[in-house]
Amino acid sequence: MTLILASKSASRRAMLDAAGVTYESVPADIDERAVEAGLAGASPAEVAEALAVAKAAAVAALHPQALVLGSDSLVVAAGRRFDKPRSREEAGEHLRFFSGKVMELHSAAALVRDAGCEWSYASIARLHVRELSDAFIEHYLTLEWPEIGHTVGAFRIEGPGVQLFEAIEGDQFTVLGMPLLPLLGALREEGVLIA
């Protein structure tokens, strides 16, 4: 059975590769803001899950019979939702806002075949951001921009972004952008992996 990852995310590909999952990568092309517009009042976890399903469904429509994996992550801090920073300046604004706060990272995954969602799941990690000095933020952006422009929360935990935090509650896979352990269970149920 063909498994397609509806993403070009390096961290999601690295997780699947390390777990020994065989897949093809076909990035989804959806209007995330349009999907979100229909989700008024939804929780952050519900939004992440709906976006994961939408990404998988968009790719599944082009690949009949394939099992398509969609995934999405979003960040909430102090009740405010953050998207990927569009510029180095905006990344700096996000980091200054996150300083000293708890960042909630919601990561979701979904498996879609043809027009039907076979499985979906959302998880949360709470990342306690230490107090960040302006000097640290400037140094960090020099090291990490533009790579962090592709990440919600303006960090890569597998790189210098780990220096942003004083504590993390939740599993590493959620922080990397996909609830891997529940996903592996679903892939065993689907027959993609040996049970």
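What to note about this one:
- Label-reachable residues, the stretch 86-117, where backbone N falls under 12 Å from a point 7 Å from Arg130's Cα toward its Cβ: 100
- Straight-line cross-link partners of Lys55 among the lysines, defined as a Cα under 19 Å from its Cα and at least 8 positions apart when in the same chain: Lys8, Lys84.
- Kirkwood Rh, angstrom, the stretch 63-195 [1 / mean 1/r, Cα pairs]: 15.9 Å
- Percentage of interatomic Cα-Cα distances in the stretch 1-48 larger than 12 Å: 70 percent
- Taking only the C-alpha atoms of the stretch 1-120, Rg followed by Dmax gives 15.5, 47 Å.
- Size check on the stretch 43-87: the Cα extents along the three principal axes, sorted descending, read 42, 26, 10 Å.
- Computed from label points 7 Å out along Cα-Cβ, the spacing between Ser87 and Glu147 is 2.4 nm.
- Helix-only CD estimate at 222 nm, as mean residue ellipticity for the chain, using -39500 (n - 2.57) per DSSP H run (n ≥ 4): -10500 deg cm²/dmol
- Using Cβ point charges alone (K and R +1, D and E -1), the dipole size of the chain about the Cα centre works out to roughly 20 debye.
- Label-point gap, in nm, between Glu158 and Gln65 - each point 7 angstrom along Cα→Cβ: 3.3 nm
Since every read-out is calculated from the coordinates, none of them should be taken as a lab result. Values in this document were obtained by computation on a predicted structure and should not be read as measured data. Note that each Cβ is placed from the backbone with ideal geometry, even for glycine, and that neighbours are counted across all protein chains shown.
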